[in-house]
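Since the structure comes first, as structure tokens, the remarks are kept for the end.
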Amino acid sequence: MNTLYIEETACGVNRRKRTLWKKGGACLLSLVLAIGMMLQLTASAQAAVSCKSLCQAVLKETGGEGSLKYKSTKAKDFGGFSASDREKVSSLMYLCDEKEACSICVIKASSNSGAAELLKSLKAYKANNSSSDYLSDYSASEQKLFKNAVCGRKGKYVWYIAMSEKKSVNKKGQDVLKQKLS
């Protein structure tokens with residue numbers, strides 16, 4: 001009689017242990033699946049951000065929709081980069097008017113260090129545009145546009161925005177870029 005009682009108790013304990021293992025395994029599997037789904041959603045959200053979508057957001061924020069006729073995805077078309085700078089570009093969207101005064105250029109660098117170097121080039125480009133002799137070919141309002149351009153960086157993305165004579169408007173475009181890249 002004692003032997004039967006012990007076997008029944010042992011079976012009951014084993015059943016409880018198996019139930020706990022099943023519940024624990026199910027919880028662990030659910031957790032892994034949930035984390036996987038969150039990572040996939042984050043990756044797809046990042047993939048939705050492109051140089052083109054960022055330019056469109058800047059255009060909308062600065063009121064420049066329809067004013068820029070020329071667009072390019074080639075780094076050689078943007079005058080702010082040397083040949084060695086162009087090698088650091090992963091993707092790019094450049095929009096400008098016919099005189100290349102009013103413009104937006106959003107660049108995704110191939111690395112963070114490449115982005116830092118591209119930002120230095122953009123700052124030099126802005127400084128050169130703001131004080132060079134060739135500015136005499138442009139009207140006073142276009143010269144002001146060059147002087148109030150903004151450039152910046154977040155992660156692998158860098159940008160140059162010259163959409164308005166007012167720096168505050170250009171900064172609004174920059175703020176939208178930063179928000180979209182967060």
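The values are calculated or read from the model by the stated rules, or taken from the named source; none is laboratory data. Remember, predicted model here, so these are calculated numbers, not experimental data. All Cβ positions, even for glycine, are placed from backbone atoms using ideal geometry, and neighbour counts span all protein chains on display. Areas reflect the complete protein model, heavy atoms only, side chains present, ligands, DNA and RNA absent. Shrake-Rupley method; radii C 1.70, N 1.55, O 1.52, S 1.80 Å.
Of all accessible surface on segment 63-125 at a 1.4 Å probe, what whole percent is carbon and sulfur?
Values: 1470 of 3140 Å².
That fraction is 47 percent.
How long is the gain from K171 to E65 if the chain were fully straight, where each residue apart is worth 0.36 nm and the alpha carbon distance is subtracted?
Working: separation 106, 0.36 × 106 = 38.16 nm, distance 1.65 nm.
Full extension from K171 to E65 adds 36.5 nm.
Can you tell me the dipole magnitude for segment 89-146 around its Cα centre, using point charges on the Cβ only (Lys, Arg +1; Asp, Glu -1), in Debye to the nearest 20? The partial results should precede the final answer.
Numbers: 6 positive and 7 negative charges, 69 e Å.
With Lys and Arg at +1 and Asp and Glu at -1, about 340 debye.
Not counting ligands, DNA or RNA, and with a 1.4 Å probe, what is T73's accessible surface area in Å² rounded to the nearest 10?
Number for this one is 90 Å².
Given points 7 Å out from each Cα along the Cα-Cβ axis, report the S110 to S141 separation in nanometres with one decimal.
4.2 nm
For a label point 7 Å from the Cα of L181 along Cα→C-beta, name the residues of segment 102-135 whose backbone N is under 17 Å from it.
Flagged as within label range: 104-126.
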